[in-house]
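Heads up, the thing below is written out as structure tokens.
Each reported figure results from applying straightforward, stated rules to the coordinates on display, with no laboratory input. Bear in mind the structure is a predicted one, so any value in this text is a computation, not a measurement. Using ideal geometry, Cβ is built from the backbone for each residue, glycine included, and neighbour counts are taken over all protein chains shown.
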Amino acid sequence: MKISQKGLYALQAMMMLARRYNQGAIRIRDIAYEEGLPEKFLELILLELKNARIVESVRGAKGGYQLRRAPDEIRLSEIIRLIDGPLAPFGDAEQLRSLIDRDVEHRALYKVFLEVRNAAARILEHTTLADILNGKGGDGAKSGKRRKKKSDESSVLPMVVGGGRESGR
């Protein structure tokens, strides 16, 4: 599964808003600074999240953005689907089922792809922002820890972040 840089920024911003849930609206500038995200790009991401009714904006001197629902009601799958589209790394489930039915020679391969797609979707569907904050997300993510510096992340990010859309798929 590939998560775009935009998707990763959206998840990081949502994690910050979840950490500060019930503390009022947070200014875009503060989110960008604390998470190390480009402010202008973050504005566009938060607008998408607002239009999808995941966050809400508050006007005025104490304005900014805040979660519209509790962190335990916002699933990672919802955020990723909004920003990056379908969760499936190998196309949608119906497309794979069709290939399983039609392509007898490669049926076993497509069944594996469908199992991978279903497992990834199941994990993201059952993981909320609150789960991640509480350290219940994959590989023992710990609540309250600060992000690594970008230089420390460079060896991990290429595996997570899709460098761009590949043509011909």
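Dipole magnitude of the range 5-144 about its Cα centre, charges +1 at Lys/Arg Cβ and -1 at Asp/Glu Cβ only, in debye to the nearest 20? Can you show the working numbers first?
Working: 22 positive and 20 negative charges, 96 e Å.
Computed about the Cα centre, the dipole is about 460 debye.
Computed on the Cα trace of the range 5-144, the radius of gyration divided by the Kirkwood hydrodynamic radius gives Rg/Rh = 1.08.
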